[in-house]
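Note sheet for the following structure.
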Amino acid sequence: MTTDIQQLIHQQVTGHTVVLYMKGSPQFPQCGFSANAVRILHALGVKEFFSVDVLQNPEIRQGIKDYANWPTIPQLYIKGEFVGGSDIMTEMYQSGELKQLLAS
């Protein structure tokens, strides 16, 4: 079962340019960190991105933590690569690094 979840996550991460695993939806984030992640993406002009509400699926909620070996949600992936959570996104946004990553 775990393998199926890992395969699904891998397909999601590699099948979309920008993927955000979050609590809630971009329209209705269910935690401040997820809301912050969405705000940053919108501020960078990313209007469309693939989001996964981990609250809807406990297996994905745990599976994504295992996938990236990262204990917290949200998690941002760009072009199949794990970028980080809310704090890392904030730092990368402020430094301009996230904008460059999205543009490359």
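Note on residue 99 and residue 30: the extension gain reaches 22.3 nm, defined as 0.36 nm multiplied by sequence separation minus the Cα-Cα distance.
Adding -39500 (n - 2.57) for every DSSP H run of four residues or longer, then dividing by how many residues the chain holds, sets the calculated 222 nm ellipticity at -15500 deg cm²/dmol. For region 83-94, 3J(HN,Hα) computed residue by residue from phi via the Karplus equation (6.51, -1.76, 1.60; θ = phi - 60°) reads 9, x, x, 4, 5, 5, 4, 4, 4, 5, 5, 5 Hz, glycine and proline entered as x. Using a simple spin-label model with pseudo-atoms 7 Å out from Cα toward Cβ, residue 66 and residue 4 lie 1.3 nm apart. This model, with +1 at the C-beta of Lys and Arg and -1 at the C-beta of Asp and Glu, gives region 2-103 a dipole about its Cα centre of some 220 debye.
Taking the chain as a Gaussian network, where each spring joins two C-alpha atoms under 10 Å apart, which residue of 55, 76, 20 fluctuates the most? The residue with the greatest mean-square fluctuation here is 55.
Taking all C-alpha pairs of the chain, those more than 15 Å from each other amount to 58 percent.
Throughout, read-outs are computed from the coordinates displayed, never taken from laboratory work. What you see is a predicted model; the values in this text were computed from it and never measured. Every residue, glycine as well, gets a Cβ built from its backbone with ideal geometry; the counts of neighbours run over all protein chains shown.
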